[in-house]
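Student: Got a structure for you, questions after.
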Amino acid sequence: MPPQENTPDRPDSRENDERYDAQRVEQKWFERWQQDASLYAAEPDSRKKKYYVLEMLPYPSGALHMGHVRNYSIGDALARYMWMNGYNVLHPMGWDSFGLPAENAAISNNTPPREWTLRNIANMKAQMKRLGFAYDWSREVTTCLPDYYRWNQWFFLKLYERGLTYRKKSRVNWCPKCATVLANEQVVNGNCWRHEDTPVEQRELEQWFVRTTQYADELLRGLDRLEGWPDKVRTMQRNWIGRSEGTLVDFKIDGNAGSAGSTITVFTTRVDTIYGATSIQLAPEHPLVADFVRFNQPLGESVQKLIAEQRKAKEEGDIGEIEKHGVNTHRFAINPYNGEKVPIWIANYILMDYGTGAIMSVPAHDERDHDFAKKYKLEIRLVILPISNDPEETMAEPQLPFCSHDGMTINSGAFSNLRSDDAIQKMSAYAQEKGFGKATVTYRLKDWGISRQRYWGTPIPMLYCEKDGIVPVAEKDLPVILPDNVDITLTGGSPLGRVPEFVYATCPKCGGPARRETDTMDTFVDSSWYFYRYTDANNSHAPFDGKTAQYWFGERGIDQYIGGVEHAILHLIYSRFWTRFMRDLGMITNDEPAERLFTQGMVIKDGAKMSKSLGNVVSPDVMVARYGADAARMYSLFAAPPDRDLDWQDTGIEGIQRFLGRVYRFFVRNTKPADPAWRGPVPSDLSPEARAIQRKLHQTIKRVSDDFQGRWHFNTCISAVMELVNVLYAAEDAIARQAVPVPFLADVQRNLVLLLAPFAPYLAHELWEMLGETSNLLKAPWPRYDAELAKEEEIEIPVQVSGKLRSRVTVPAGATEAFVIEKALADEKVQAAVAGKQIVKKIYVPGKMVNLVVK
RNA sequence: GCCGGGAUGGCGAAAUUGGCAGACGCAGCGGACUUAAAAUCCGCAGGGCUCAAAAGGCCUGUGGGGGUUCGAUUCCCCCUCCCGGCACCA
């Protein structure tokens, strides 16, 4: 007798055939997709509606993490859905591949940054392909290659031509671990954004700045129209730009004038309180302070203390908690509104880098000034009477020594008895008329410092000539190539400065010797415009062709941008700036880079962000090897709505694996493409069992389609598809009895595959083939639902008595109110509940519920 | 302090317009299949009380307190806690 294993009709063998071998199937499709490079390619086509869906490009750190998988699973599902809906979809991917980690790796493993970076890219690209993400790799952008960064340099020259970049010596943020300067946006709570335990230092350096403030107001106003962006991001950007309307007022210094002038200009948002100004407060680093010290040497020491205090607090990130200190200069300034002499103080809570670095201190109407005045016994003078809706409160409040909100002016000379807003306007106009001030706007936003004293970045295309000074590299000489084989250390300034072949150049103006700029650009320059490069990634004459970009961007930009909220300020404000800059160069016509932005939640595990130190990192490679790419992708969409944090549970992905196996098994058992009836017409009169399936199918199509259009709650989309599969399993008996017509079942299965395609592309392609379909599933038309077919024939109506659920009655879908109420009243449980009571009101919400109110 | 977001079973979550709270999944329990296990399929399942048990019945329940309403996870007011952002910004 032959060994049992070889017996073909052994029950086990059937089970083996039914079992979904994700690795085998995914490998098969992976290989097929590799062979067709043009599968996901898109070209401008005026006959088709375009859809540009973009996930933020990753830094090639070495390997994908689950956050990437989640991000790309969302984008890929959307791209596939839009393809199936007939759109011309652009779905590209690239690498934000300049940056410090490559240099750190070079130091610790003695691997050149280029090699390290390109190896990481190769690895991560392979991971993305294995995960089945549908990217058009013919448009791949790698920012560390000269093909790309030469255009950073080109843009830099354009910025320079337009006065949008300039060189300035100033105090800048310095991270000792990165050994480079940081932009304001890269300082988090006084620490480096990459080293959260490392306070930034202030250093005096000459740096290149990009004039982002030129567009401050437009960047702010633009936010109002970005309705497709999360409120959170818009609010963060508004706060960051920090627009503040106020008034500049010149106070004349009484007595000797020093080299820094004879007036102190203060900035205030509350000029209506100026009659209550009882002192002037200067920032310790205000240029006038030196003049006062010159006339009063002992002051110098106190000022040094204040400066030290303020710097320390800034570095520690608790400038907000600093104890208020000040010194009296014993000098006076004259309030131009009333001619009053007020003392000039220097205080540690006044910041030189906001407003003018000088304020008028109004203790009665500003909390900080109030604290300060109490401490140093300065006069507190009430000049605003609060207005309240409550007359009693209005009467009571003037007794208070302090009120920070607006009201009616009092004790304010010709400007008394005005509402605050009115007073502000009149008093600003008066200042302007008399020439001692004007209405103005200040911003918190500062110009973007883009110089980095690092190697692995875009060389800034500038030269310093002894004769001609700062000279831009000629456009024809671009790119300025970043040399290989550079000695990298994290100390001692820009590594490029140690490469003589790089540094010594010829001045394009006079032909004499010149030094090259040895700093490189902030990598956020690279990511400020990369999505335009995708439209024309292989262009060697320009960053991109205008017409091509116009097709993909149109007037509204990227249709859907998806990424992490950590870029809410950095990347997303720089790229909004860059878009306006390019628009003003005439390269594009859109004002904003992206019409819609989606910020997905983090992937966490055991309640904490995944990190090596906590040992709770889940590797996508392990998940793909264990459960398959479809399961990993689908679970990352199923476990939570995409905008919320996702708590990764290994047992959860097992559930998805089971579900995929369940779908596959159903298809193995019930797919009969050889049956002549398989492709026959779907009969119109269906059995109740078949009708139940049909109803569920159309309900599911509706739910999934609606979610793609609106809420993006892919977790519930997937639940809906699971419910449909459960209904199919429940009908297996009916199918066995042939109560479900074969062509109908075939149609249901085709629709099920289409519904699955955005979420589990590998399995969907396999099933599509099993069904005998030969068309390209990627572009197969998305199913349409029929509202009539989705309707229930009978509905169960809950019956409440005085708001409490007492029973349920089953009625035909179109039943009249009278019929439903009659049926409810006839119900035994309802009768018991209303027995002996009077029904005072009968409420019927059509199709939803009955409520009988009793007394 | 200010601005966002959140709090629902043992767990992840659902309830789209004020109308059956807990869909779907995980973990759990029970059954079928199996010599057995795995896999698979079917079923049960918020909590409490009642009943010998089951069926059933009753009460209660969406962070806490109040309100509007026939009816509130959903709307309004107050409060607590958690997460994120901003913060002497004049």
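Student: So which residues in region A:830-852 are open to solvent by 40 Å² or more (accessible area, probe 1.4 Å), within 6 Å of RNA strand B (Cβ to nearest atom) and farther than 23 Å from A:GLU788 by Cα, if there are any at all?
Tutor: A:LYS841, A:ILE843, listed by residue number.
Student: How many of the residues making up region A:550-588 are assigned to a helix (DSSP H, G or I), under 15 Å from A:SER527 (Cβ atoms), within 16 Å of RNA strand B (Cβ to nearest atom) and touching a residue at least 24 places away in the same chain (Cβ under 8 Å)?
Tutor: Qualifying residue count, region A:550-588: 6.
Student: Can you tell me which of A:TYR148, A:TYR215, A:TYR160, A:TYR135 is part of a helix (DSSP H, G or I), over 26 Å from A:LEU351 (Cα atoms) and within 25 Å of the chain's Cα centre (by Cα)?
Tutor: Within the list A:TYR148, A:TYR215, A:TYR160, A:TYR135, the selection yields A:TYR148.
Student: Consider region A:221-242. How many of its residues are open to solvent by 90 Å² or more (accessible area, probe 1.4 Å), more than 9 Å from RNA strand B (Cβ to nearest atom) and either at pLDDT 90 or above or within 30 Å of A:ALA358 (Cα to Cα) (or both)?
Tutor: Residues in region A:221-242 being open to solvent by 90 Å² or more (accessible area, probe 1.4 Å), more than 9 Å from RNA strand B (Cβ to nearest atom) and either at pLDDT 90 or above or within 30 Å of A:ALA358 (Cα to Cα) (or both): 1 in total.
Student: Can you say whether A:PRO641 is at pLDDT below 95 and not hydroxyl-bearing (Ser, Thr, Tyr), as far as the supplied structure shows?
Tutor: When the stated conditions are applied, A:PRO641 passes them.
Student: Which one of A:ARG119, A:ARG70 is surrounded by fewer than 24 Cβ atoms within 10 Å (Cβ to Cβ), over 26 Å from A:GLU555 (Cα atoms) and not polar (S, T, N, Q)?
Tutor: A:ARG119
Student: Considering only residues that are outside any helix (DSSP H, G or I) and within 16 Å of RNA strand B (Cβ to nearest atom), look in region A:176-191 and name the one that is most open to solvent (accessible area, probe 1.4 Å).
Tutor: The selected residue is A:ASN189.
Here's the yes/no breakdown for (1) open to solvent by 10 Å² or more (accessible area, probe 1.4 Å); (2) over 23 Å from the mean Cα position of the chain (by Cα):
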{"position": "A:ALA63", "(1), (2)": "yes, no"}
{"position": "A:ALA77", "(1), (2)": "no, no"}
{"position": "A:PHE98", "(1), (2)": "no, no"}
{"position": "A:ASN104", "(1), (2)": "yes, yes"}
{"position": "A:ASN110", "(1), (2)": "yes, yes"}
{"position": "A:MET128", "(1), (2)": "no, no"}
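Student: Would it be correct to say that A:GLU792 is out of contact with any His (no Cβ under 6 Å at 6 or more places or on another chain), within 15 Å of RNA strand B (Cβ to nearest atom) and either in a loop (DSSP other than H, G, I, E, B) or without any contact (Cβ under 8 Å) to a residue 24 or more places away in the chain (or both)? If you could, list the steps in order and put the result at the bottom.
Tutor: Values: out of contact with any His (no Cβ under 6 Å at 6 or more places or on another chain): yes; within 15 Å of RNA strand B (Cβ to nearest atom): yes; either in a loop (DSSP other than H, G, I, E, B) or without any contact (Cβ under 8 Å) to a residue 24 or more places away in the chain (or both): yes.
Spelling it out, A:GLU792 is indeed out of contact with any His (no Cβ under 6 Å at 6 or more places or on another chain), within 15 Å of RNA strand B (Cβ to nearest atom) and either in a loop (DSSP other than H, G, I, E, B) or without any contact (Cβ under 8 Å) to a residue 24 or more places away in the chain (or both).
Student: For A:SER775, are the conditions met, namely being open to solvent by 10 Å² or more (accessible area, probe 1.4 Å) and within 40 Å of the chain's Cα centre (by Cα)? Talk me through it step by step, then tell me what you get.
Tutor: On the way: open to solvent by 10 Å² or more (accessible area, probe 1.4 Å): yes; within 40 Å of the chain's Cα centre (by Cα): yes.
It is true that A:SER775 is open to solvent by 10 Å² or more (accessible area, probe 1.4 Å) and within 40 Å of the chain's Cα centre (by Cα).
Student: Filter region A:587-620 for residues that are open to solvent by 60 Å² or more (accessible area, probe 1.4 Å) and modelled with pLDDT of 95 or more and give the result.
Tutor: Taking region A:587-620 as the starting set, the residues that turn out to be open to solvent by 60 Å² or more (accessible area, probe 1.4 Å) are A:589, A:595-596, A:602, A:606-607, A:609, A:612-615, A:617.
Passing the criteria: only A:THR589.
Student: Against the definition (in a helix (DSSP H, G or I) and within 15 Å of A:ALA677 (Cα to Cα)), how does A:VAL753 come out, yes or no? Explain how you work it out, then say what you get.
Tutor: On the way: in a helix (DSSP H, G or I): yes; within 15 Å of A:ALA677 (Cα to Cα): no.
No; evaluated as a whole, the condition is false for this residue.
Student: Can I ask one more? Return the residue satisfying two criteria in turn: it lies in region A:803-828 and is among the small types (Gly, Ala, Ser) and assigned to a helix (DSSP H, G or I), and of such residues it is surrounded by the most Cβ atoms within 10 Å (Cβ to Cβ). Quick ask: steps written out before the conclusion?
Tutor: Of the residues in region A:803-828, the ones among the small types (Gly, Ala, Ser) are A:803, A:807, A:813-815, A:818, A:824, A:826.
From what is left, the residues that are assigned to a helix (DSSP H, G or I) are A:818, A:824, A:826.
Working: A:ALA818: 9, A:ALA824: 27, A:ALA826: 10.
My answer is A:ALA824.
Student: Now for a different question. Of all residues in region A:697-739, which are outside any helix (DSSP H, G or I), more than 9 Å from RNA strand B (Cβ to nearest atom) and open to solvent by 50 Å² or more (accessible area, probe 1.4 Å)?
Tutor: Across region A:697-739, the qualifying residues are A:ARG737, A:GLN738.
The values are calculated or read from the model by the stated rules, or taken from the named source; none is laboratory data. Only a predicted model underlies this, so the values are computations on that prediction, with no experimental measurement involved. Ideal geometry is used to build each Cβ from the backbone, glycine not excepted, and the neighbour counts take in all protein chains shown. Each accessible area value is taken on the protein alone, full model and side chains, heavy atoms only, with ligands, DNA and RNA left out. Shrake-Rupley method; radii C 1.70, N 1.55, O 1.52, S 1.80 Å.
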